[in-house]
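J.: Here's a structure for you.
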Protein chains: 4
Amino acid sequence: MAIYVGLIACEDRAGLVHEITGVLFKRKFNVTENQEFVDHRQGRFFMRTQFEGQAEAAALAFDLRQFLPKGALCQVRELKARRLVVMASAEPHCLGEILLRHFHHELNAEILAVLSQTNECRDLTARFGLPFEHIPVAGQERHAHEAQILKSIAKYQPDYLVLARYMRIFSEDFVGRFNQSIVNIHHSFLPAFIGKNPYQQAYERGVKIIGATAHFVTKDLDEGPIITQDVIHVDHTCSPEAMARLGQDVEKLVLMRGLNLVLEDRVLIDGNRTIVFS
Amino acid sequence: MAIYVGLIACEDRAGLVHEITGVLFKRKFNVTENQEFVDHRQGRFFMRTQFEGQAEAAALAFDLRQFLPKGALCQVRELKARRLVVMASAEPHCLGEILLRHFHHELNAEILAVLSQTNECRDLTARFGLPFEHIPVAGQERHAHEAQILKSIAKYQPDYLVLARYMRIFSEDFVGRFNQSIVNIHHSFLPAFIGKNPYQQAYERGVKIIGATAHFVTKDLDEGPIITQDVIHVDHTCSPEAMARLGQDVEKLVLMRGLNLVLEDRVLIDGNRTIVFS
Amino acid sequence: MAIYVGLIACEDRAGLVHEITGVLFKRKFNVTENQEFVDHRQGRFFMRTQFEGQAEAAALAFDLRQFLPKGALCQVRELKARRLVVMASAEPHCLGEILLRHFHHELNAEILAVLSQTNECRDLTARFGLPFEHIPVAGQERHAHEAQILKSIAKYQPDYLVLARYMRIFSEDFVGRFNQSIVNIHHSFLPAFIGKNPYQQAYERGVKIIGATAHFVTKDLDEGPIITQDVIHVDHTCSPEAMARLGQDVEKLVLMRGLNLVLEDRVLIDGNRTIVFS
Amino acid sequence: MAIYVGLIACEDRAGLVHEITGVLFKRKFNVTENQEFVDHRQGRFFMRTQFEGQAEAAALAFDLRQFLPKGALCQVRELKARRLVVMASAEPHCLGEILLRHFHHELNAEILAVLSQTNECRDLTARFGLPFEHIPVAGQERHAHEAQILKSIAKYQPDYLVLARYMRIFSEDFVGRFNQSIVNIHHSFLPAFIGKNPYQQAYERGVKIIGATAHFVTKDLDEGPIITQDVIHVDHTCSPEAMARLGQDVEKLVLMRGLNLVLEDRVLIDGNRTIVFS
């Protein structure tokens, strides 16, 4: 018996839940979780349904789509370990957290490789027995560098790219190749402190909270749909360096929470907002 | 057009959501919110459904009950302002919060009266133009005092009693008369610091967090089903009095959150636990 | 016996704490709280000292200033109820919180009057027996309106102006007359969502946290030194209106926390940042 | 140049700060942090002072003790990496966090070895190149098992024992040998849910928050002085197993926060309470 997750987003109309659950009922699936949300401002219906049984996911999605309003999103997937490529940089705390959880089978994913433009995380990755590819920027232009990265990624055929403090901006073309499949952690409570050195920016503004944001990457830097966020309190004794140190904890936890939600198909993207059935 | 809320709790079996939404669909209700939870440990199904239309609530509940498993709880009520009697004591912060929100039409309830065994909150209540009844304990035994309280309450026919830092324990007999209809705020994160002077207890134990708990009152002091809880951080500079002062904020917010959940029929009681469809 | 608070900010050098405490010791004050902070990035020393005894505050400040580095800030004030004028608008929750605490002697301040450009809060203010002045904008230019406000304020000679969701921007000239003495609550976690309709902005950006910021007002809108901030979690079910409703709780608590810190002389302004000795 | 931390706890009297800072000033130390707290309930004075220079710590402590009230605690230590032995069990998340931070030089400590009565964490420890000692309980009595542990520990001469979800209770005799030098993480917000299976207890009580507590171990199980605590929110969908999974994050962060405070000599024990100069 497999577990499936259906995600539906469409124009709202009466009876949708009744009809969708009817299809599942007739096929004798054992529905274990159902969550719905109607956005009355937009007249949009969103649903996540999780069920057990034997299904051909594509066929089931087809059945559901028969009576859903035109233009509906209807995705049915088996809930199994997704394939991940992680991209890191010099900072090891987010990568370390992912590697530890993966090692202890607490992450419902298979990490295929870690890619980085620097070498700092090579040793850490090696200790967990995973491939590490160093793709230096050297004197290359962005396009050439991205071409190398794409070549590496192509070998692994990942479901998602995870940017674990990767710290480089991708081109619109690059992002476009991974439609809604790049998860990033930004080290501020967006939309505050977009871009570089958010802790330095936070220090200069004199804020009393700092935070982190897990979001999907779109062509606009730090502007993609937010999956989850959290903050911690700081005070006047915190230098930018102290904030960065304290912020590591919230960054890695927010990234893991966001990633777990994505891995369980709990996130629907609705324009620049997300529906999160946690 | 009225708004209704249906609350269902029963043994789980396949097809329940399909059937329940079918009844609502056939009657042409406009369902605006649906939330379900299956407790797989107990094999229990819980649902809250909110819908608009013209209904005879009793008839609808009857229809639903036809196909629900035996022993099901099935309650359908119009979502309208509930009738409250508030019981207070010397501490005015929780009562003040309730009175302010009531005054500004932010509480979906009608406050019928404030009862107290002391007089400290009389002036505050009067400023908001509400009846205040002083029911002194004097030299009376608990039974006699409770009889007086019951007599006062009987005049108002409230849906719920709200204990806004009432600070006295009711007899089992008294509690039994208000089945699942007494909401209390306890000034600790239960089950820590049950009973008297929780802030003094917290100080003596040297805790670094203090909290508050909104819960239904049962015959066992501070043991009833918890609706919601929250905490704040404290440190070694906090005396018991400072904790009590800081704790007021979390007490009143937790009480209001808990009360709002109850007033919107978002809380199902399941033994000593609650299902909260927030 | 009176309680005094000394606030010192100056260039750092060895021995400052020894010398400052020496002056207090020789005068036989009973020091009850001392807090220091050295900003090693700037080489700046900050101290708050609270002590009991009989003093002529000005004389004591003079004594301390004798050996403090040139350009030192050195303020000694008796810790007593400050005089406040509160400015409100249509939203009553922040004002209500202030009035309740004032009524119950939980605010170490005397509220002299409530000023507003609208009439919504008149009844609420009257219930607590305080003066309410309606200063309509009508067709006036900002300058003329501010002149009226200034005239009203002049009668009361307040120590601080508290903007309890006042919702109008003051001119640079107006702000300049109340040097570091205007405390505002902004309904977002600054610097996110500066300006109008922060909850609408938050909704559109799809954030998962909303917040509030208590800050001193400077000539730049929402750019003044931050005193304290807090946030709450929200999700996709929250409309802008729901965020605004939920945000009220965090707004009023953050304003009260910030105001209490100011009233106890616990906040030193350092450029656009604050040192908060809580 | 070395960094030193002085910790002082004694009866309060006028002039203490002046005198203590005088000793440091005369010796030409560069004081970088000073924190004091007077517990007016008990008439007790507590101070942490951090300074740079060349000192013989014992001599300096002697000088300070000359004028401190009788019975004063006065400890001066160089602030350097402490020596740790970590004790673990089957659960790897707290140990993993410690090992990662140690590996990345983010923990101001030297981990000498990991001891465990089980073998689950052997591989993880080995990956970070640290000694792992398996000390099985087998059919031994507690006394014999503890004797073996003591023998192992003796080889390492640690400053502190860290119980990273060790899950076994030590005898009073064992605890007595490590006076105020055993730091434990308990997986509940103490004093709620003392002892075994706190998540099961939390589930049964139906709480809406779960937490973790870092504390010093004393002879009474889970009753020692609390260093720091934190909580997260849970709801009715959380089984005991889900709570345990979510709780891992708060456990490991609370342990690290508590441990860092101890490693920087920021914690003074005062009976069953702690003074934490964070």
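J.: Specify, per residue and in Å³, the volume enclosed by the convex hull of the alpha carbon atoms belonging to segment B:82-276.
T.: So the per-residue Cα hull volume is 117 Å³.
J.: Between chains D and B, what is the buried accessible area in Å², counting both sides, with a 1.4 Å probe and ligands, DNA and RNA left out, to the nearest 100?
T.: That pair of chains buries around 3100 Å² in total.
J.: Enter the mean projected area of the convex hull around the alpha-carbon atoms of segment B:221-273, in nm², rounded to one decimal.
T.: Result: 4.6 nm².
J.: Put a label point 7 Å from Cα along the Cβ direction on D:HIS143, then list its distances to the equivalent points in the other copies in nm, shortest first.
T.: Shortest to longest, the spacings are 5.7, 8.1, 9.4 nm.
J.: In A, who owns the beta-carbon nearest the axis carrying A over to C, and how many Å from it?
T.: Spelled out as residue then distance in Å, it is A:ALA192, 2.
J.: So for segment A:1-140: antiparallel DSSP bridges make up what percent, rounded to the nearest 5?
T.: Once the DSSP bridges in segment A:1-140 are tallied, antiparallel ones form about 70 percent.
J.: Moving on. Using the beta-carbon distance between D:PHE62 and B:LYS196 and R0 = 60 Å, what value does 1/(1 + (r/R0)^6) give for FRET efficiency, to the nearest 0.05?
T.: After rounding to 0.05, the efficiency reads 0.80.
J.: What does the charge count near A:GLN248 come to, summing +1 for each Lys or Arg and -1 for each Asp or Glu among other residues with Cβ under 14 Å from its Cβ?
T.: Neighbour charge sum, excluding A:GLN248 itself: -3.
J.: When we measure straight from the Cα of A:LYS26, which lysines land under 21 angstrom away, once same-chain ones fewer than 8 places off are left out?
T.: The qualifying lysines are B:LYS26.
J.: Can you give me the Cα centroid spacing of segment B:185-224 and segment C:77-93 in angstrom?
T.: Going from one Cα centre to the other spans 33 Å.
J.: Still on this model: Just C:ALA138, C:ALA126, C:ALA57 to compare: in a GNM of chain C, with alpha carbon springs under 10 Å, which one fluctuates most?
T.: C:ALA138
J.: Listed here are the pairs B:LYS208/C:LYS80; A:LYS28/A:LYS80; A:LYS208/C:LYS208; which of them are more than 24 Å apart at the Cα?
T.: In this structure, B:LYS208/C:LYS80 lie more than 24 Å apart at Cα.
J.: With a sphere of radius 13 Å drawn around the Cβ of D:ASP12, what net charge do the other residues whose Cβ falls strictly inside it have (Lys, Arg +1; Asp, Glu -1)?
T.: -3
J.: Only bridges with both residues in segment B:82-276 count here: give the DSSP antiparallel percent, nearest 5.
T.: That works out to approximately 45 percent antiparallel.
J.: To continue, here is another question. A 18 angstrom limit on the alpha carbon distance is what I want to check against. Which of B:LYS155/B:LYS219; B:LYS196/B:LYS219; A:LYS196/A:LYS219 exceed it?
T.: Checking Cα-Cα distances, B:LYS155/B:LYS219 exceed 18 Å.
J.: Once both axes come from the Cα atoms, what is the angle between helix A:93-103 and the longest principal axis of chain A, in degrees from 0 to 90, rounded to 10?
T.: Once rounded, one gets 50 degrees.
J.: Ignoring everything except DSSP H segments at least 4 long, calculate the 222 nm mean residue ellipticity for chain C; use -39,500 (n - 2.57) per segment, divide by total residues, nearest 500.
T.: So the helix-based figure for chain C works out to -10000 deg cm²/dmol.
J.: While we're on this one: So how much slack lies between D:ARG27 and D:ASN272, counting 0.36 nm per residue of separation and subtracting their Cα-Cα distance, in nm?
T.: Using 0.36 nm per residue and subtracting the Cα-Cα distance, I get 84.7 nm.
J.: What are the label-to-label distances in nm, one decimal and shortest first, from D:GLU223 to the same spot in the other copies, with labels 7 Å along Cα to Cβ?
T.: Relative to the other copies, D:GLU223 has label-point distances of 2.3, 5.9, 6.1 nm.
J.: Quick check on the protein assembly as shown: of the DSSP beta bridges with both residues there, what percent are antiparallel, nearest 5%?
T.: Around 70 percent of the beta bridges assigned by DSSP in the protein assembly as shown are antiparallel ones.
J.: Please report the base-10 log of the normalised intensity I(q)/I(0) for the protein assembly as shown, using a Debye sum with one equal scatterer per alpha carbon and no solvent, at each q in 0.04, 0.07 (1/Å).
T.: For the requested q values the scattering log ratios are -0.23, -0.73.
J.: Can you list, shortest first in nanometers, how far A:LEU130 lies from the same residue in the other copies, with each label 7 Å from Cα toward Cβ?
T.: 2.1, 5.6, 5.7
J.: Note down the net charge around B:GLN35, summing +1 for each Lys or Arg and -1 for each Asp or Glu among other residues with Cβ under 10 Å from its Cβ.
T.: Taking every Cβ under 10 Å from that of B:GLN35, the sum is -1.
J.: Rolling a 1.4 Å sphere over the protein heavy atoms, what is the accessible area per residue of chain C, to the nearest Å²?
T.: 39 Å²
J.: Let me ask something else. Report, to the nearest whole %, how much of the accessible area of the protein assembly as shown belongs to carbon and sulfur atoms, 1.4 Å probe, protein only.
T.: C and S fraction of accessible area: 50 percent.
J.: For D:ARG83, enumerate residues with amide H under 5 Å from its amide H, sequence gap 5+ or separate chain, H modeled in the peptide plane.
T.: The answer is D:GLU110, D:ASP159, D:TYR160.
The values are calculated or read from the model by the stated rules, or taken from the named source; none is laboratory data. Treat the numbers as computed from the prediction; the structure is a model and nothing was measured. Here Cβ is always computed from backbone atoms with ideal geometry, including for glycine, and neighbour counts include all displayed protein chains. Side chains are part of the model used for accessible areas, which takes the heavy atoms of the whole protein and leaves out ligands, DNA and RNA. Shrake-Rupley method; radii C 1.70, N 1.55, O 1.52, S 1.80 Å.
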